[in-house]
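Read-outs: derived from the displayed coordinates by stated rules, not from any lab. Just so it is clear, the structure is predicted and the values come from calculations on it, not from any experiment. So basically every Cβ, Gly included, is an ideal-geometry build from the backbone, and we count neighbours across all protein chains shown.
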Amino acid sequence: LNAAVGATVMFTTTLTPSDKPFLSVVWTFGTKNIITSSSVNKTGPEYEGRITFFMSTGSLELRNLALNDSGEYSVSIVPDGESVEAGSTTLKVLGEQMFDISFNLVEFNSSVRLSCSSSGSSLSFLWLNSSSEVTASDRVQLTDGGSILTIVKVTRYDQGPFRCRVSNPVSNGTSDPITLSISYGPENINLTISPSQEYHVEGSDITLSCSAVSRPAALFHWFLNGDLLSDTGPELRLMNIQMSQSGDYSCQAFNSKTLRSETSQPAAVSVLERISGAFVTPTTNLTIEGISVNLTCDAAGSVFTRKWMKDGSDLTLAGNMNLYDKNKVLSFNSLKSTDTGEYSCKISNPLSNDEAKYTMVVYYGPENVQIAGPSEIHVGESFTLTCSADSTPSATYTWILNGTEIHNSRTSTAVHGLSVTGTEMVLIVGVGITRAKHNSLIACLLKQHAALYILPNRNVFQPKKRSMPYSTYKTSNRYLTGQL
């Protein structure tokens, strides 16, 4: 097998592609390992970037041939379930070339020496990097009449391709190009999270990707809150992520040739549990005016905020209200009747929310007790007194005539000339009913009372005149009284 300097040669096996991958393939050049392929591929240092391995047939492509690539090449293949296959061939590289006497070049660390040779006399040498002429500098040296090019502390921009142009007064020629393999990096490391958002709901899938400028490709390790994870590779996939996996993630890129590493800035992954099962509970269900009560709002999940509303509007704190524990507890230090209403609490985080409602009825009263009726009554008509009071729940009423209970709202009463129904008492005043009978005390026991009088020589009953027909007085036992 013959090939020219700088050319590419393909070493092809006689095996046909199989559904089952080979257990192992080993290519060697003399005693040097070119590539060993099993579960992973291991390439010899001087062949990095120069070979392509075809796993289906075990064939090998070798590029940028040099004179010192001449020799015997051998392959050993172990198929799955079959005997070992082996073969060899000899390669002869022909032509003139530049010689690179340095290998495993590392940026900023290594130096390289290129030598150009040609037949003839009175030779002049010109070096080209791509299409630009190479001139001497602090890092670049041209010696031996310009036939030797030495680059000290190579950089990635020194990889070429390099050519040597040789001339004399009668002829000239240019060598085939040679490209240097220079290892560098890693640098410019970058960590991204997909999907890109500040918070992630528990149970979702997240992919972290790490990249870096490196030759050869960097190896990647992952860290959570500074602790090394077992995961490797440029991607870290977090499936069905849990809250316990929240934290600062970082990746580290490592170059096996330069032996350098670089670590990314940490990226925060915040996992939240969905809000569910919101509820509002009181410290007591017996919410009586004047007592202290707390309403507690809570839910399962990652709670960020709580917002209270009353009767569909944002809650405005009255003087007897306070919020505690990040709005978790709404406290009433002394209930008022005006605190009655529907209270709702909306619990939320950036990804979800839930709402709970509680209707609070404040029991109070009775208060503002009044007896109402007409200012005068004619004989033969009905006289109706109505007793009212502010109270939750509704008050129970008792009517009293001259100190004797004649009715309460829990019983029915039938008295001659009277019709009593709960809060109303109807007195039928007819001819022949004596004045003494109606100059009596009729009281609505909460305790408001009315004195009725029959005026002489008139068939009209008229209440005793006062500047305020129905006055009320507060007593020490919270009953209200008044007099007609």
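The table below lists the values:
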| quantity | calculated |
| --- | --- |
| Residue-span extension gain [residue 382 to residue 311] - 0.36 nm each, minus C-alpha spacing | 21.2 nm |
| Over 18 Å (Cα to Cα) - which of 310/357; 42/153; 32/153; 310/346 fall in this group | 42/153; 32/153 |
| Neighbourhood charge, 14 Å Cβ-Cβ cut-off, centred on residue 80 and excluding it, Lys, Arg +1 and Asp, Glu -1 | -2 |
| Aspartates and glutamates with Cα under 20 Å of residue 326, excluding same-chain neighbours fewer than 8 positions away | 273, 298, 314, 354, 355 |
| Calculated FRET value between residue 42 and residue 227, using beta carbons and R₀ = 30 Å, to 0.05 | 0.50 |
| Calculated FRET value between residue 405 and residue 242, using beta carbons and R₀ = 56 Å, to 0.05 | 0.20 |
